[in-house]
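Student: Right, I'll just put the structure down here and ask away after.
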Amino acid sequence: MARRATPEVNAGSMADIAFLLLIFFLVTTTIEKDKGIARQLPPDIEIQDPPIIKQKNLFLVTVNKNDQLLVEDELMELDDLRQAAIDFLDNGGAPSGSPEYCNYCKGKRSPESSDNPKKAVISVQNDRLTSYKMYIAVQNELVAAYNFLRDRESQRLYGWKYTEMKQAINEGDIEGSRADAVQERLEEVQELYPLKLSEAEPKKSGS
Amino acid sequence: MSKFKKKKSGDLPAISTASLPDIVFMLLFFFMVVTVLRDSNLMVQQKLPKGDQVEKLKKDRSIFIYAGKPGSGYEKYGTEAKIQIGDKFTDVSNIKFALEELRRKLRPELQDKVMVALKVDEDTNTGLVTDVKQELRDLNLLKIIYITTPGNQLDQK
């Protein structure tokens, strides 16, 4: 019963094993970064007397079951929607001196279109058979129009784009009291161009 | 003088690879930690629409709703678009229960800041999404986010 010294285990292959595991995890890892278009739904309560919106302050976007776009009773390609929405929101048609006058708008100031960005409402109506792809594309373009205008105003007032400010806050690049100040600025810009996107009840069938 | 004479360099000494396992293990642990094994098995097709005006999703306070046609392996459920919450298909009328169940799993302090993430296949009809949204309004879960993939729909044309 001589006690033999146990031979040392060769650890040379440990690296290989570790590599194998490493490669397995490398392959299976999906670092998910979900991003999307955020939206606040209107609460489900009956509004007693809904505010009357003037026809000229309303921008009607209709999508039919074939994913065709009808904007203010005219056929339109998706490419042109963003500019059309910007023109509508930024019109500022109220005459100078009236309480609704918009002093930061740079639009055409046509009396036919919206009075003030704070009054302007974009209404989207879908068909139930509209594809989700088209729906998101339309929403994306409309949000892009708002972002464009907010960026412009934010750049003018604070020298910093709205979308960049928002991203900086979301990623926590700014801390403490500065974050509050920036948050305040965000809200001020939002005040200038409030997101007023309404969604009408979709049509029941493909009509 | 000979003191500064360069030593005649012989063979380069072999680089020690003894620390290689340590490095590899470090990487291994990193990937083991960040790997999230998907907790719900996707049963629907998910080709998300493209969007570029996006915001980041806060994962700790979100509930996912998937919708789309049944994916591969689930063809027996037909070709109509379906809603999946958690691990199973759900009917529009059952959304409330399923969501309530999921909401209870979140951290208590975040339960009233819930955000509902809608992951919907791009070929789905908007009607289904509208139904889901109506249910969410009934439940008073008003913050939603349509998950998209990076890109822009316009570029495809």
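Student: Restricting region B:108-157 to residues that are touching a residue at least 60 places away in the same chain (Cβ under 8 Å), crowded, with 17+ Cβ neighbours inside 10 Å and β-branched (Val, Ile, Thr), which is nearest to A:Asn66 (Cα to Cα)?
Tutor: Per the stated criteria, the residue is B:Val129.
Student: Going through region A:104-137 one residue at a time, which ones are more than 16 Å from A:Leu192 (Cα to Cα), within 17 Å of the chain's Cα centre (by Cα) and either basic (Lys, Arg) or surrounded by fewer than 21 Cβ atoms within 10 Å (Cβ to Cβ) (or both)?
Tutor: Passing the criteria: A:Ser123, A:Val124, A:Lys133.
Student: Would you be able to say whether some residue in region B:94-104 is modelled with pLDDT of 80 or more, under 19 Å from the mean Cα position of the chain (by Cα) and of a type in the set (S, T, N, Q)?
Tutor: no
Student: Next up: Among the residues of region B:137-151 satisfying the criterion of being more than 7 Å from chain A (Cβ to nearest Cβ) and touching a strand residue (DSSP E or B) at 6+ places or on another chain (Cβ under 6 Å), which is nearest to B:Arg103 (Cα to Cα)?
Tutor: This residue is B:Leu141.
Student: Also, quick follow-up: Return the residue satisfying two criteria in turn: it lies in region A:85-103 and is more than 14 Å from chain B (Cβ to nearest Cβ) and under 22 Å from the mean Cα position of the chain (by Cα), and of such residues it is farthest from A:Lys133 (Cα to Cα). Let's see the steps before the verdict.
Tutor: Within region A:85-103, the first condition is being more than 14 Å from chain B (Cβ to nearest Cβ), and the residues that meet it are A:87-103.
If we keep only those that are under 22 Å from the mean Cα position of the chain (by Cα) as well, we get A:87-91.
Details: A:Asp87: 25, A:Phe88: 24, A:Leu89: 25, A:Asp90: 27, A:Asn91: 29 Å.
Across region A:85-103, the extreme among qualifying residues is A:Asn91.
Student: Now for a separate question. Filter the helices (runs of 4 or more DSSP H) completely within region A:115-203 down to those with at least 2 residues that are under 29 Å from A:Gly92 (Cβ atoms), touching a strand residue (DSSP E or B) at 6+ places or on another chain (Cβ under 9 Å) and at pLDDT below 85. Reasoning before the result, please.
Tutor: Numbers: elements: A:132-158, A:162-170, A:176-192.
Here the list reads A:162-170.
Student: Answer yes if at least one residue in region B:57-77 is within 11 Å of chain A (Cβ to nearest Cβ) and either exposed (fewer than 15 other Cβ atoms within 10 Å of the Cβ) or basic (Lys, Arg) (or both), and no otherwise.
Tutor: At the first step, the residues of region B:57-77 found to be within 11 Å of chain A (Cβ to nearest Cβ) are B:57-59, B:62, B:64, B:67-68.
If we keep only those that are either exposed (fewer than 15 other Cβ atoms within 10 Å of the Cβ) or basic (Lys, Arg) (or both) as well, we get B:58-59.
Yes: one or more hits.
Student: State all residues of region B:104-136 that are more than 14 Å from chain A (Cβ to nearest Cβ) and not in a loop (DSSP other than H, G, I, E, B); if no residue qualifies, say none.
Tutor: Just the residues of region B:104-136 that are more than 14 Å from chain A (Cβ to nearest Cβ), to begin with: B:104-112.
Matches in region B:104-136: B:Arg104, B:Lys105, B:Pro108, B:Glu109, B:Leu110, B:Gln111, B:Asp112.
Student: If you check B:Asp91 against the conditions, is it under 17 Å from the mean Cα position of the chain (by Cα), more than 14 Å from chain A (Cβ to nearest Cβ) and surrounded by fewer than 17 Cβ atoms within 10 Å (Cβ to Cβ)? Break it down stepwise before answering.
Tutor: On the way: under 17 Å from the mean Cα position of the chain (by Cα): no; more than 14 Å from chain A (Cβ to nearest Cβ): yes; surrounded by fewer than 17 Cβ atoms within 10 Å (Cβ to Cβ): yes.
No; evaluated as a whole, the condition is false for this residue.
The values are calculated or read from the model by the stated rules, or taken from the named source; none is laboratory data. All values derive from a computational prediction rather than experimental measurement. A quick note on method: Cβ atoms are made from the backbone with ideal geometry, for glycine too, and the neighbour counts reach across all protein chains shown.
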